[in-house]
Every structure is written in structure tokens, then in C-alpha cells.
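One structure is given here, and the rest of the page talks about it.
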Amino acid sequence: ILDWKGNVYMQTDDYAKAVEAKEAVLKLGEAKGWIAPETAMQTTNMLARLLYVEAAALKDAKDKPRQQELINKSLAYLKRFLQGSKKPAAEDMMFYAQLLYAQATSDAGNIKMDMIREARETIELAMANVINPKEGFYQLLAALLLTENNFVKAAELLELFVTKFPDKKDFWPQLMQC
């Protein structure tokens, strides 16, 4: 019943109640052994995404602490999902790296370099596991390398990027800055 309620709340865009119901499904199901491991993984991934959507909807500056709390919770669920997956999809790894990057740079005066490093390692692994990484993978990796002040690797990556995507003119200025 809780899972059904969570689905209904998702369909009505009531993400806070959907999260509450899905968390109850996961907690109760795992405690009692009522939830299959695959279903638990799917629910964990869904929770990560629901929490992110809820956080992204908070636009007011006074909501920033709540937004950060929701993103941290989303990160925890997504990390759990990735660690429990036999072969996580590159897109899921990308989402995790994007969340890490956003959290690491949320306070410009206090960049969390450990999160930047974890995001870079995650996106590098995701790119290594696909034949043709999408443009966004390159963009995120370049941003991470530049945040780490690794201008040599960033320049090499941007050279590769402009070769692979010659129509993307906005990366030429970044390359010239390296």
C-alpha cells in the first residue's frame, strides 16, 4: 500500500509525500525482508531522484539549508544505489558526479575538494565504461579539472572535445585560457 501511495504522490507532483512513502517502503521492506533486492535498488534510485527534484524546486534563499539537506540525502541514496549496482549506468554515475560537483561548489568561498576529487573519479570511470561519452561528460570533467587547477589535463581534454565536437564554439575560449 505504501508503494502505491508513493506512486500516486509522484503522479500528483507531491514529491515530499512520495519520498516519505517510498522511504517507508524501503525501510520496512528491508527490515522485514519483504522487498526483493532489485526492487530495493530501484526504490533507492527513485528516492535519490525524487529528493533532487524536491531540492531543485526550492528557489528562495531562505530555503537554502533545506535544499542542501535534500541534496545530501539524495547523494546518500544515489551512492548506495551505485555501490549496490553490479554495473551502474554511465548516466547514473554522471548524475552522482553532477550532484557532488554542485554540493562541492555550493559555497564559492569553501570549495570541498574531496567532493570534487570523488566527482572527477566517478565521471572518469563512467566515461571509461562507454564507447562514445556524450558531450555533458566532457563538460563536467573539464569543469572538475579546472576546479582542481589541473590546467594541463583540462587543456588535453578540451583539445579532444573541440576535435570531437568542432561545432561547439563555447569551448574554444576555455581551451585558450588553459
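State the percent of C-alpha pairs, over all pairs in segment 15-87, separated by a distance greater than 21 angstrom.
Across segment 15-87, Cα pairs with separations above 21 Å total 28 percent.
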Asserting the computed 222 nm helical MRE of the chain (DSSP H runs at least 4 long, -39500 (n - 2.57) per run, divided by residue count, to nearest 500) equals -24500 deg cm²/dmol
Could you work out the relative contact order of the chain, using alpha carbon pairs under 8 angstrom and six or more residues apart, expressed as a whole percent? 12 percent
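Contour minus end-to-end for Asp167 and Asn150, with contour as 0.36 nm per residue of separation and end-to-end as the Cα-Cα distance?
3.6 nm
May I ask you to compute the full-extension gain from Lys59 to Val130, defined as 0.36 nm times their residue separation minus their alpha-carbon distance, rounded to one decimal in nm?
Contour length minus the Cα-Cα distance gives 22.1 nm.
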Per residue, how big is the convex hull around the C-alpha atoms of segment 48-110? Give it to me in cubic angstrom, could you? 79 Å³
Projected area averaged over orientations for segment 92-132, convex hull of C-alpha atoms, nm²: 2.7 nm²
Inter-part distance where segment 26-53 and segment 89-120 are each reduced to a Cα centre, Å: 23 Å
Distance between modelled label sites at Asp114 and Gln83, nm, 7 Å Cα→Cβ extension: 1.4 nm
So, how do all the Cα-to-Cα distances of the chain break down into 5 Å bins, in percent, from 0 on up? 1, 8, 15, 16, 17, 14, 13, 8, 4, 3, 1, 0
Using DSSP H assignments, which helices in the chain have an axial alpha-carbon span of 24 Å or above and a mean Kyte-Doolittle hydropathy of -0.5 or higher? 15-32, 37-56
Semi-axes a, b, c in Å (a largest) for segment 77-178, each sqrt of 5 times a Cα gyration tensor eigenvalue, come to 23, 18, 10
Pairs to check: Lys22/Lys64; Lys17/Lys64; Lys27/Lys79; Lys27/Lys73. Give those whose C-alpha atoms are more than 22 Å from each other in this structure. Lys22/Lys64
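Bear in mind these aren't lab numbers, they're just calculated from the coordinates by the rules spelled out. Keep in mind the model is a prediction, meaning the values are calculated, not measured. Every residue, glycine among them, receives a Cβ derived from its backbone with ideal geometry; neighbour counts consider all protein chains shown.
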